[in-house]
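Asker: The structure's right below; bear with me while I get my questions together.
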Amino acid sequence: MFYLSASILSADFSNLSDQIRQAEDAGVDWIHIDVMDGHFVPNITMGPFIVETCRRITSLPLDVHLMIEKPENHIQSFINAGANWISIHIENNPNVHRTLQFIHSQGAHAGIVLNPGTPAQAIDAVLPFIDLVLIMTVNPGFSGQSFIPQILNKIRLIRKSLDQTNPKAILQVDGGINSDNILAVAEAGATCFVAATAIFKHPEGIVQGVNSLRQQLQKKMRLSPQIQEGS
Ligand code: DX5
Ligand code: ZN
């Protein structure tokens, strides 16, 4: 099962409800909301107010990616606003188990995120406690950056660790995902794909953006049984 999570960072905010509905009608599975504070990352974006706005627009799962200092101080507000998934970075979390536990205690699913410069082993100790691992394939802060191909190896490594310790967890990737690289990323073991530019800035529109990502993923779904038969 593959999931597409549409990041509204590249949406036209003067038409947010229409943009989200188009993505939903085209078949995206989740809506990804990038929260940035100007400290953990150089950009400042959205807060609980936008999550609450998205909640009124769609019933799709809201996947909130926190790129902020002291995320533990804000988790409750995001869950109250309607977040279903909350992902926190490993890099700025001295008490990461407590924060993950808190997310679960408030009824949301918990994700752990790694920046491109963070080694796969950094999350080993938390793998049994998470519902999702988000591997950044760009340095977080902005949409429209280029996918870093060297991260494919980290995706393979974390796929292996998850298969051993927590096979039900979702392996999400975020940054520069498009129809040219999504198949390779799926082959490496990712199961959930965040895309902003490839969906909301597709030259032929949102529906075509979603379709071209899905078409690539369908190739992987068709290929897998043959690979298994031959192996
Ligand atoms: C980057 C954000 C991403 C971003 C992806 O810091 O976490 O979710 O919106 O944008 P694209 O798909 O354009 O790389
Ligand atoms: Zn993100």
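The values are calculated or read from the model by the stated rules, or taken from the named source; none is laboratory data. Small disclaimer: the values here were computed from a predicted structure and weren't measured. Glycine gets a Cβ as well: all are built from the backbone with ideal geometry, and neighbour counts include every protein chain shown. What goes into the accessible areas is simple: the full protein's heavy atoms, side chains included, and nothing from ligands, DNA or RNA. Shrake-Rupley method; radii C 1.70, N 1.55, O 1.52, S 1.80 Å.
Asker: Within 14 Å of ligand 2 (Cβ to nearest atom), in a loop (DSSP other than H, G, I, E, B), closer than 24 Å to ALA198 by Cα and touching a strand residue (DSSP E or B) at 6+ places or on another chain (Cβ under 9 Å), is that true of VAL35?
Answerer: So VAL35 fails the test.
Asker: Right, another one. Of these, SER5, SER87, which one is open to solvent by less than 70 Å² (accessible area, probe 1.4 Å) and touching a Gly at 6+ places or on another chain (Cβ under 6 Å)?
Answerer: The unique qualifying residue is SER87.
Asker: Within segment 97-132, how many residues are in contact (Cβ under 8 Å) with a residue 60 or more places away in the chain and loosely packed, with under 13 Cβ neighbours inside 10 Å?
Answerer: Of the residues in that region, 0 qualify.
Asker: When you scan segment 152-162, do you find a residue that is open to solvent by 10 Å² or more (accessible area, probe 1.4 Å), modelled with pLDDT of 95 or more and not in a helix (DSSP H, G or I), even just one?
Answerer: So far as segment 152-162 goes, no, none of its residues is open to solvent by 10 Å² or more (accessible area, probe 1.4 Å), modelled with pLDDT of 95 or more and not in a helix (DSSP H, G or I).
Asker: Okay, next question. On the given criteria, is PHE102 among the aromatic types (Phe, Trp, Tyr) and not in a helix (DSSP H, G or I)?
Answerer: No; evaluated as a whole, the condition is false for this residue.
Asker: Go through (1) within 12 Å of ligand 2 (Cβ to nearest atom); (2) aliphatic (A, V, I, L, M); (3) closer than 18 Å to THR197 by Cα one by one and return the number of the condition VAL41 breaks.
Answerer: (3)
Asker: Filter segment 177-208 down to the residues that are free of Cβ contacts under 8 Å to residues at least 60 places away in the same chain, part of a helix (DSSP H, G or I) and of a type in the set (Gly, Ala, Ser) and list them by number.
Answerer: Answer for segment 177-208, where residues must be free of Cβ contacts under 8 Å to residues at least 60 places away in the same chain, part of a helix (DSSP H, G or I) and of a type in the set (Gly, Ala, Ser): ALA184, ALA188, ALA198.
Asker: Then there is this: Could you grab me the full set of residues in segment 188-214 that are more than 13 Å from ligand 2 (Cβ to nearest atom) and closer than 12 Å to PHE2 by Cβ?
Answerer: GLY189, ALA190, THR191, LEU213, ARG214
Asker: I've got another one for you. Can you tell me how many residues in segment 1-26 are more than 14 Å from ligand 2 (Cβ to nearest atom), within 17 Å of ASN178 (Cβ to Cβ) and part of a loop (DSSP other than H, G, I, E, B)?
Answerer: 1
Asker: If you don't mind, there's one more thing I want to ask. So, of the residues in segment 157-208 that are among the acidic types (Asp, Glu) and more than 16 Å from ligand 1 (Cβ to nearest atom), which turns out to be nearest to VAL133 (Cα to Cα)?
Answerer: ASP163
Asker: If I go through segment 194-208 residue by residue, how many of them are touching a Phe, Trp or Tyr at 6+ places or on another chain (Cβ under 7 Å) and not aliphatic (A, V, I, L, M)?
Answerer: Result for segment 194-208: 0.
Asker: Test each condition in (1) open to solvent by less than 10 Å² (accessible area, probe 1.4 Å); (2) in contact with a Ser or Thr (Cβ under 8 Å, 6 or more places away or on another chain); (3) within 14 Å of ligand 1 (Cβ to nearest atom) for MET136 and report the one that comes out false.
Answerer: Status for MET136: all satisfied but (2).
Asker: Another question about this same structure. Hey, can you tell me all the residues within segment 46-78 that are surrounded by fewer than 18 Cβ atoms within 10 Å (Cβ to Cβ) and within 14 Å of ligand 1 (Cβ to nearest atom)?
Answerer: The answer is MET46, and nothing else.
Asker: Pick out the one residue from ILE135, ILE86 that is assigned to a strand (DSSP E or B) and touching a residue at least 40 places away in the same chain (Cβ under 8 Å).
Answerer: It is ILE135.
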